[in-house]
Amino acid sequence: MLFQAHRYFFKRVRTIGLAALIAMQLGACVPLTAVVDEAQQAYERLRDHNVVAARERREQEESERLQSGSGGGANESVGQNAQTAPSRGRAATTSDASAAVSGDIMRRVQQGQIEVASAGLTTQPFVGPVRRAAPDTEGAPRPLQGPPRNPVGLIPPLPVRLQLPVSGGEPLAEIEVAPNVRAIERQWVMVVNPEQRIQLEIQAPVVLQFMIREHELNAMNRDVLVFDVPAELDADDAILQLLPDSLRPLMDRNHVYQAQTGPVPARGSSVSLPVPLAAICQAPVSIGIIDSAVDNNHPALAYRGRQAPVVSRSFIEEGLSSPPAHGTSIAGVLIGQGDELAPVVPNATLYSAAVVYSQDNYRQGASASSIMQALDWLAGESAVSVINLSLTGPANRVLEQGVNIAADQGKVLVAAAGNNGPFAPEQYPSAYDPVVAVTAVAVDRSIYRWANQGNHVEFAALGVQLPTAGNDGRLTRQSGTSLAAPIVAAFFACELSRNGGSIALARETLQALAEDLGDIGRDAVFGYGLLHPWPIPQR
């Protein structure tokens, strides 16, 4: 029954989406985002019915187990549990209720409760589910990166092959090598230590003829080798067949990772965001950020004549432009100041590693080879205790090595979980074991509706309509897991400063400090729970 309900739901959602698109082509003024919002809420309601049913079944089974295994004086406590436990009949009827929910949208269209007409699309709201996604304030400033108010892909996707705007130097292009996976065209990267480099020269010298550049990673005692291979070796990963088995895990495509400021949801909210934020600590911590360049002259970072404490280096390929908006927003969360903005670490020094380049007017990317160089620089900076990466992309063998080496050298890596939606696959580097994956919530503790979910999520932080440094010297409110990640990075930096640098103790302390949300204990939506630098009003 549940499987049929899911199939029925997706069939009806596709029908509604197609109807809305046809209406738009015919000149009707139909807000497609409202249709998808309706579908999103319907599925959330279906999912939450199943979550409640599963929880009720567990409680019922536990109550029965206690009742069967206890006697005498235990009867009173068992009776109390039975009063609060749901009945078996209620749990048994949940699948039928779920099936009814899944068809709710189409029935309401047929009954006239949802009207697709030239005047627009009108809806009557669903009854709120157990845990629903967070809305945002209507008419708030749009985010700097990503398609403005584009939760359903109204901005065209990047082309399969994207010629990058290179000023001087060799032409450079991105290609889509798999659905939603991009890489620099025909480029492969490899990370080797001195012994592995010698092995490569002896056992696979033919591969070295395709090497176009190399970068020394002094802190990691490695070299990054970048290859431009012919098309016949690029197809089906044929280049790997030229390597001995022991070296194949050291090479991968030069994958592209996306900056992670997300779309602003369209629905309004009556919940006001409490600003300015409070400081987490006053310690002079140092935090690395691997992102775009940072605009040190932004008024929020040079507040009232105060020079922004930012140390910067660029690892972007020569000729590619690096718009500073995204990195400036991340820096604004950490050290920004203004009329509605206060720093969470006011005495921090930021080490900004620029890796992000412009793909088009809405999106930015960073290559794996550039991220590796940035990790090496920050790994070699002894003052830096925490590294923030508000970037996401595919699994990559080279990046995984860099993450593991930096973690082994005592750095805490914090990364955004991603803004691809709750049913999207896990994103990297946040899904690597040493990395602290961060999701975003609103001020009312509801999850950001476009946040990725999964068992790797460790903490949640405020990331919906968060005030920060905007474009053209402005202050704006932005949403996304990338805005939440630096808050958790600041918590780690402050805790490491307090406890003398013990990562294990810092992690344990923050897990205990986090406010548990969602299911009891760690869960795939909120992780261990919410870390916030100010008291958020209770529901």
Would you mind telling me which numbered condition in (1) in contact with a Leu (Cβ under 8 Å, 6 or more places away or on another chain); (2) surrounded by fewer than 16 Cβ atoms within 10 Å (Cβ to Cβ); (3) assigned to a helix (DSSP H, G or I) Pro165 fails?
(3)
Is it fair to say Asp444 is touching a residue at least 12 places away in the same chain (Cβ under 8 Å) and more than 24 Å from Gly332 (Cα to Cα)?
no
Tally, over the stretch 222-246, of residues that are more than 30 Å from the chain's Cα centre (by Cα) and more than 25 Å from Glu176 (Cα to Cα)
3
Strands (runs of 3 or more DSSP E) fully within the stretch 449-538 counting 1 or more residues that are over 15 Å from the mean Cα position of the chain (by Cα) and in the same structural domain as Val412 (by TED's automatic domain parsing)
466-469, 475-478
So how many residues does the stretch 357-402 have that are part of a strand (DSSP E or B) and among the polar types (S, T, N, Q)?
5
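So that you can scan it fast, the table gives a plain yes or no per residue for (1) under 17 Å from Ser352 (Cα atoms); (2) in contact with a Leu (Cβ under 8 Å, 6 or more places away or on another chain); (3) polar (S, T, N, Q):
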site: Gln373; (1), (2), (3): yes, yes, yes
site: Val398; (1), (2), (3): no, yes, no
site: Gly402; (1), (2), (3): no, yes, no
site: Gln409; (1), (2), (3): no, no, yes
site: Glu426; (1), (2), (3): no, no, no
Taking the condition free of Cβ contacts under 8 Å to residues at least 60 places away in the same chain, not assigned by TED's automatic domain parsing to the domain that holds Glu170 and not charged (D, E, K, R), does Pro324 pass?
yes
Criterion first (in contact with a strand residue (DSSP E or B) (Cβ under 7 Å, 6 or more places away or on another chain) and either under 30 Å from Pro323 (Cα atoms) or buried (at least 18 other Cβ atoms within 10 Å of the Cβ) (or both)) does Gly529 satisfy it?
yes
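The values are calculated or read from the model by the stated rules, or taken from the named source; none is laboratory data. Keep in mind it's a predicted model, so treat the numbers as computed, not measured. We place every Cβ from the backbone using ideal geometry, glycine too, and count neighbours over all the protein chains shown.
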